[in-house]
1. Leaving out ligands, DNA and RNA, and with a 1.4 Å probe, what % of the accessible surface on the chain is carbon or sulfur?
2. With a cut-off of 8 Å between alpha carbons and a minimum separation of six or more residues, what is the relative contact order of the chain in percent?
3. Given R₀ = 22 Å, FRET efficiency for V68-S24 by Cβ-Cβ distance, to 0.05?
4. In Å and whole numbers, how far do the C-alpha atoms of the chain stretch along each principal axis, longest first?
5. Using amide H atoms built in the peptide plane, which far-off residues or other-chain residues are under 5 Å from V21 H to H?
6. How far apart, in nm, are two points set 7 Å out from the Cα along the Cα-to-Cβ line at E45 and at R75?
7. Ignoring everything except DSSP H segments at least 4 long, calculate the 222 nm mean residue ellipticity for the chain; use -39,500 (n - 2.57) per segment, divide by total residues, nearest 500.
Amino acid sequence: RGHALAAQGLLKRPGVKQVWVIPSGAPVWKDSPTYTAERRLRLCELAFSGNDQVRVNDVELRGPRYTVETLEHLR
């Protein structure tokens, strides 16, 4: 819910037309077989499926794991 609320809050700001949600492929703080990268991606897709202004991107599941690498890739 926190991620959904954060996205909604961002979309209320002037000039914000779209929010990207990028689940981490291998977060260092989660070591659980229950929440695999694929499952986190699916949960994000489900959470934002009804909102055309939120785009779920799987870029970190396919490669970069550090924010700076992701930003360089997306640029």
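The values are calculated or read from the model by the stated rules, or taken from the named source; none is laboratory data. Just so it is clear, the structure is predicted and the values come from calculations on it, not from any experiment. Ideal geometry is used to build each Cβ from the backbone, glycine not excepted, and the neighbour counts take in all protein chains shown. Side chains included, ligands, DNA and RNA excluded: accessible areas come from the protein's heavy atoms. Shrake-Rupley method; radii C 1.70, N 1.55, O 1.52, S 1.80 Å.
1. C and S atoms contribute 52 percent here.
2. Working: 66 pairs, mean separation 26.8, N = 75.
Answer for the chain is 36 percent.
3. On the way: r = 14 Å, r/R0 = 0.63.
For R0 = 22 Å, the calculated efficiency reads 0.95.
4. 37, 28, 18
5. Placed amide hydrogens put R55, V56, N57 under 5 Å from V21.
6. 3.0
7. Details: 3 runs with 29 residues, N = 75.
Using -39500 (n - 2.57) per qualifying helix, the result is -11000 deg cm²/dmol.
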